[in-house]
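The values are calculated or read from the model by the stated rules, or taken from the named source; none is laboratory data. A quick note: this is a predicted structure, and the numbers were derived from the prediction, not measured. Counting neighbours? That spans all protein chains shown, and the Cβs are built from the backbone with ideal geometry, glycine included. These area figures cover heavy atoms from the full protein model, side chains too; ligands, DNA and RNA do not enter into them. Shrake-Rupley method; radii C 1.70, N 1.55, O 1.52, S 1.80 Å.
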Amino acid sequence: MSVVGHRGIHYLQKLKAANIPAELIEKGQNRVIDASLTLIRERAKLKGELVRALGGVVASSSLLGVPLGHNSSFLQGPAFAPPRIREAIWCGSTNSATEEGKELNDPRVLTDVGDVPVQEIRDCGVDDDRLMNVISESVKPVMEEDPLRPLVLGGDHSISFPVVRAVSEKLGGPVDILHLDAHPDIYHAFEGNIYSHASPFARIMEGGYARRLLQVGIRSITKEGREQGKRFGVEQFEMRTFSRDRQLLENLKLGEGVKGVYISIDVDCLDPGFAPGVSHIEPGGLSFRDVLNILHNLQADVVAADVVEFNPQRDTVGGMTAMVAAKLVRELTAKISK
């Protein structure tokens, strides 16, 4: 847990110990939440108006940062990732073109609505039940501004649950999910935390927010992970059989009969030789080109996506993993925008 998060919890405990009425505390929390949502909503309106005025766009990616790290089971560094990813996206060492030629400096391709102020909200003593609702309610205004589609910068993987929930609820039905990760993140609860970064896909499947869940790159999976996968009908593709599965995975067609496709990329899906700046180093993963081949060849209407679990505090090789995360965002942008 971050220092700020601890401070917020201790502050709330002091207020309660001083017999401050609970309704007074809740009113204050509500004001902070309302202000936070208003800022994102108004930024989304502005960016949506801009894209519509320029015209000729069916779908456009819009960045939304969710700097949350306290649901990590090991390190909380992913909370610091969104600004580092943004910095890398616009780094002068490369240009603004995606591999297929879309220009990120064209607002019809990519806009940015800012960050959910996670730590400021937690500093008011807001618990995770309400925080997850705030994250969901931050995603919905982006989706309301046609043609914007949310591309979310984590944060640890716990953010995927409220984001997918918002996407499904806003679209009015389940989506198909392509999930790239070293881990299935489908524990019922991890260390007693139902919102753990090891549990988002259990919450997603329980809620009926996904029809199909394909997990690719898996190479650290427990008995519970496999049992949960079977329980929810998850299609788990482990790295030990990747050479056999490659043809299938590089020619996926998803989303027929549902509201669209959601892509969730945990940076640790990559072999640590490509992306060392993650909390959970798990050798034997996908190459960067493996991931791009899967993304580039995917036939799908991608309605939203996230890139999670980049940990800047472990990115010691000249910002290498920041550039990897940024490249993933760039290519997801190209996949979403049309």
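Please determine whether any residue of segment 322-329 is assigned to a loop (DSSP other than H, G, I, E, B) and surrounded by 23 or more Cβ atoms within 10 Å (Cβ to Cβ). No, segment 322-329 has no match at all. Among the criteria (1) open to solvent by less than 40 Å² (accessible area, probe 1.4 Å); (2) assigned to a helix (DSSP H, G or I), the one Glu224 does not fulfil is (1). Ile218 meets all of the listed conditions (1) under 19 Å from the mean Cα position of the chain (by Cα); (2) in contact (Cβ under 8 Å) with a residue 40 or more places away in the chain; (3) over 21 Å from Ser168 (Cβ atoms) but one, namely (2). Among the conditions (1) more than 12 Å from the chain's Cα centre (by Cα); (2) within 22 Å of Leu248 (Cβ to Cβ), the only one that His179 does not satisfy is (1). Just one of the listed residues (Val291, Val307) is in a strand (DSSP E or B), of a type in the set (A, V, I, L, M, F, W, C), in contact (Cβ under 8 Å) with a residue 24 or more places away in the chain and open to solvent by less than 10 Å² (accessible area, probe 1.4 Å), namely Val307. Considered as a group, the residues in segment 182-217 that are outside any strand (DSSP E or B) and either basic (Lys, Arg) or on the phi > 0 side of the Ramachandran plot (or both) include one that is most open to solvent (accessible area, probe 1.4 Å), and that residue is Glu191. Determine which member of the set Gly273, Gly318 is modelled with pLDDT under 95 and surrounded by fewer than 19 Cβ atoms within 10 Å (Cβ to Cβ). Just a single option satisfies the conditions, and that option is Gly318.
What pairs come out if I take residues in segment 228-239 that are touching a residue at least 12 places away in the same chain (Cβ under 8 Å) and pair them with residues that are in a helix (DSSP H, G or I) and open to solvent by less than 30 Å² (accessible area, probe 1.4 Å) whose C-beta lies under 7 Å away, six or more apart or interchain? Partner pairs satisfying both residue conditions: Gln228/Ala202; Phe232/Met205; Gln236/Gly229; Phe237/Asp245; Phe237/Leu249.
The condition (being of a type in the set (D, E, K, R), closer than 18 Å to Lys338 by Cβ and open to solvent by 50 Å² or more (accessible area, probe 1.4 Å)) is satisfied by just one residue among Glu137, Glu99: Glu99.
Being within 27 Å of Arg31 (Cβ to Cβ), at pLDDT 95 or above and out of contact with any strand residue (DSSP E or B) (no Cβ under 6 Å at 6 or more places or on another chain): is that true of Arg165 here? Against the criterion (within 27 Å of Arg31 (Cβ to Cβ), at pLDDT 95 or above and out of contact with any strand residue (DSSP E or B) (no Cβ under 6 Å at 6 or more places or on another chain)), Arg165 qualifies. Restricting attention to segment 110-127 and to residues that are touching a residue at least 60 places away in the same chain (Cβ under 8 Å) and open to solvent by 20 Å² or more (accessible area, probe 1.4 Å), the residue that is nearest to Ser60 (Cα to Cα) turns out to be Asp112. Residue count for segment 144-173 satisfying the condition of being in contact (Cβ under 8 Å) with a residue 60 or more places away in the chain and either open to solvent by less than 30 Å² (accessible area, probe 1.4 Å) or under 15 Å from the mean Cα position of the chain (by Cα) (or both): 20.
Does Leu178 qualify as being farther than 22 Å from Ile204 by Cβ and among the hydrophobic types (A, V, I, L, M, F, W, C)? The answer is no for Leu178. Looking for something under 27 Å from Ser60 (Cα atoms), in contact with a Lys or Arg (Cβ under 7 Å, 6 or more places away or on another chain), open to solvent by 10 Å² or more (accessible area, probe 1.4 Å) and part of a loop (DSSP other than H, G, I, E, B) - is there at least one such residue anywhere in segment 255-266? Taking every residue of segment 255-266 in turn, at least one turns out to be under 27 Å from Ser60 (Cα atoms), in contact with a Lys or Arg (Cβ under 7 Å, 6 or more places away or on another chain), open to solvent by 10 Å² or more (accessible area, probe 1.4 Å) and part of a loop (DSSP other than H, G, I, E, B).
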